[in-house]
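J.: Below is the structure I would like to discuss, written out as structure tokens.
The numbers here are math on the coordinates, done by the rules we state, and not lab data. Source: prediction; values computed, not measured. Cβ placement follows ideal geometry from the backbone for every residue including glycine, while neighbour counts extend to all protein chains displayed.
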Amino acid sequence: MGARASHSGGMSDEEAWDARYREENRIWSGNANVELVAEVGDLPPGRALDLGCGEGADAVWLARNGWQVTAADISGVALQRAAAHAAEAGVSVDFQQHNLEKTFPDGEFDLVSAQFLHFWEDFDREKILRRAAQAVSPGGVLLIEGHMDHGPFRHEGHQEIHFPAPDEVIKSLDLGDGWEVLTAVVHPRQQKGPDGDLIERTDSTVKLRRKAG
């Protein structure tokens, strides 16, 4: 995950995310995102790019299902955990460290997945998603999953985050006629909060296909 390089307290984005991951031995569940599984399960495997891969659950799931996976994150701590997860699963993933506002993995991909690419500081998400669209090969899919609310994980003291609706996401990409919208929905999802209780929050899914030819 990438954002700007300056923070209150002089902490860089990489340091901020490393600190976040060091708060616990595992931040995320270790399971692939539900909507990724639902939206990608019927696609023929090819080359996949996982943006903001965190501890690697999505990348490992994709690799297990026959995809050739490149996965990027800003946090070296997260990438170490992701590499360990892949090794334990017996799959190969090309993990790369990127501040996605500044650098981006090379190549074209049949699937580019951006799952919950949010940040609690100033963050040019639209710029990254437009770059993600450029990385989709003809006939390929761009899958963007986002939050529509903070849920139980609001970061006190940080700026208010705008969570764009699917139509806002699509408009901001400014893709033109060379794309078709496959999915653009807002939906509920259950998630465990910090205290372990199940809560319901609202997410959004945007799935686009780049037209071939």
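J.: Subtract the Cα-Cα distance of Glu168 and Ala38 from 0.36 nm times their separation in residues, and report this length gain in nm to one decimal. Walk me through the intermediate numbers first.
T.: Details: separation 130, 0.36 × 130 = 46.80 nm, distance 2.25 nm.
Value of the extension gain: 44.5 nm.
J.: What is the distance, in nm, between label points placed 7 Å from the Cα along the Cα-to-Cβ direction at Gln97 and at Ala212?
T.: Going from the Gln97 label point to the Ala212 one covers 3.9 nm.
J.: Would you mind calculating the gained length between Leu198 and Leu182 on full extension (0.36 nm times residue separation, minus the Cα-Cα distance), in nm to one decimal? Present the calculation step by step, with values, prior to reporting the outcome.
T.: Numbers: separation 16, 0.36 × 16 = 5.76 nm, distance 2.98 nm.
Separation in residues times 0.36 nm, less the Cα-Cα distance, equals 2.8 nm.
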